[in-house]
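Let me begin by presenting the structure, written as structure tokens, before commenting on it.
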Amino acid sequence: LLLVLTVLFVCVPILFVVSSRPEAQGPAESFRRATSKPDAPSVNGRMLRLTPLSVADSVQLAERLLGGGDLPAPVRDMLLKRAEGNPFYLTELVRTLLATRSVERDSASGDWRPTSQFATVPLPETIEGLILARIDRLEDEVKQVLKAAAVVGRTFFYRVLKAVTDAESALD
């Protein structure tokens with residue numbers, strides 16, 4: 001596949017955007033090595049290293065996801081420690097706090113406070129764990145549709161999913 005793309009690259013400019021972890025054997029590094037061979041066409045490339053969000057940016061993101069209001073220190077500290085500046089993980093943690101009713105808005109001040117659920121509901125330690133916990137909270141019929149969709153594949157027609165499931169109401 002790379003040879004075909006290389007031949008096309010000589011005739012037509014192509015933009016490749018490769019997202020990868022900064023691993024020595026990762027896909028981005030393999031691509032960089034393949035396109036920097038002596039017989040490869042001239043490639044103008046730039047590697048952008050994304051850094052974790054700062055503490056202030058992480059707090060701001062969390063508060064905006066919650067619709068404003070200050071976070072209490074225990075909740076804020078937990079989010080900062082777990083997410084380690086990863087915006088996707090931080091977003092999923094906030095969504096989990098809301099879905100499990102581990103935080104609630106104080107009607108008088110508009111700020112957030114932890115509920116009794118905050119201490120008792122275990123939050124997953126990984127992004128994968130968060131996603132699995134989110135799936136576990138779905139209604140049974142919706143879970144069955146999700147399982148069927150996973151078997152059918154990444155892309156499918158609505159009618160195919162409808163044919164393999166009995167979930168009329170959950171399908172939409």
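The numbers here are math on the coordinates, done by the rules we state, and not lab data. Note that the structure is a prediction, hence the values are computed from the model and not measured. With ideal geometry, Cβ positions are generated from the backbone for all residues, glycine too; neighbour counts draw on all protein chains shown.
Cross-link reach is defined here as a Cα-Cα straight distance under 15 Å, omitting same-chain residues fewer than 8 places apart; for Lys143 the aspartates and glutamates meeting it are Asp166, Glu168, Asp172.
Here the range 84-163 is assigned +1 on the Cβ of each Lys and Arg and -1 on the Cβ of each Asp and Glu. Its dipole about the Cα centre then comes out at about 460 debye.
Using the Cβ-Cβ distance between Leu65 and Phe16 with R0 set to 22 Å, the FRET efficiency from 1/(1 + (r/R0)^6) comes to roughly 0.10. Annotation: amide H-H contacts under 5 Å for Val103 (H modelled 1.01 Å from N, sequence separation of 5 or more, or interchain): Thr115. With 0.36 nm allotted per residue and the present C-alpha distance subtracted, the Val164-Phe88 stretch has 24.2 nm of extension available.
By how many nm would the segment from Arg137 to Ala108 grow when fully extended, if each residue of separation counts as 0.36 nm and the alpha-carbon distance is taken off?
Once the chain is fully extended between Arg137 and Ala108, it gains 7.4 nm.
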